[in-house]
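Here the structure comes first, spelled out in structure tokens, and everything after it is commentary.
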Amino acid sequence: TFGPDLKLADHSCECCRIALAPSPDGGLVALWRHVFAPNERDHGFAPVGVAAAQPVRASFDRWALDACPHRGPGLTPAAAGGYHAVWFGDRAGQMRVRYGRLAADGTPQGEVRVLPDERAEHAAVLTVGAQLAIVWRSFDGQATRWRAWLSRDDGRSFRVQELGSTTDDNDHPLLLQQGGKIHALWRTSQGVKVETLQP
């Protein structure tokens, strides 16, 4: 069964995907592209189903844009508490995918880093304990590359792994957990490619 529709906030960006992650109390939290006054398309964070919860501003790129970029965020719990987040934004003329940590209430913590690929787009993020994986695709004008940024220590350090490339049509990469392992999936016109990631 399903309960009634619940409104988290007014003024969300219309088309970007919404990220959901489990919270320590067994509920869910949401991260979405929000339109902050006067017209900044950063990200809002709120628990799902909590009456009168006010969205917390989770990113501060201050991207003023009269359109939806169709690139929503990703969110996953951090082993040390709070969350890992990835998002696409424009900060000071640098349109890049960024990675940052959020506190349990969604407020930003520490340094925001850009992914090690200036063409990265449509990133996904997932954790299993202290293992953290971020995957994305990037197009260099000839081929699309499938890459990962992997951490064994809850995001303190990372290494890049090349997962594949194609000149065919392809979709956004995804991540899933199965049996304590993280798997990356990427659909191309040749089928679905699956890689088991070992941060």
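The values are calculated or read from the model by the stated rules, or taken from the named source; none is laboratory data. This structure is a prediction, so every number in the text was calculated from the model and none was measured. Backbone-built Cβ (ideal geometry, glycine too); neighbour counts: all protein chains shown. With ligands, DNA and RNA removed, areas are computed over all heavy atoms of the protein, side chains included. Shrake-Rupley method; radii C 1.70, N 1.55, O 1.52, S 1.80 Å.
Rounded, prolate or oblate: which fits the stretch 68-199 when a ≥ b ≥ c are the square roots of the eigenvalues of the alpha-carbon gyration tensor, with rounded for a/c under 1.5 and prolate only if a/b beats b/c? Taking the square roots of the gyration eigenvalues as a ≥ b ≥ c, the stretch 68-199 is oblate.
Note on surface exposure: 181, 193 rank 181, 193 by accessible area, highest first, 1.4 Å probe. With an 8 Å cut-off on Cα pairs and a minimum separation of 6 or more residues, tell me the relative contact order of the stretch 64-145 in percent. Taking the mean separation of contacting Cα pairs over the length of the stretch 64-145, I get 24 percent. The 1.4 Å probe gives accessible areas that order 59, 189, largest first, as 189, 59.
Cα centroid separation, the stretch 142-199 to the stretch 86-115: 20 Å.
What the chain shows is 52 Å² of accessible area per residue, with the surface traced by a 1.4 Å probe over protein heavy atoms.
As a rough guide to protection, the peptides 66-76, 157-167, 91-101 ranked by mean Cβ packing within 10 Å, highest first, stand as 66-76, 91-101, 157-167. Structural descriptor for the stretch 43-199: relative contact order 14 percent, calculated from alpha carbon pairs under 8 angstrom and at least 6 residues apart. Label positions at residue 187 and residue 152, each projected 7 Å from the Cα along the C-beta direction, are separated by 3.4 nm.
Per-atom-type breakdown for the stretch 43-183 gives carbon and sulfur 47% of the accessible area (1.4 Å probe, protein chains only). For the stretch 69-199, the residue among 149, 188, 109 whose Cα projects farthest onto the positive side of the dipole built from Cβ charges is 109.
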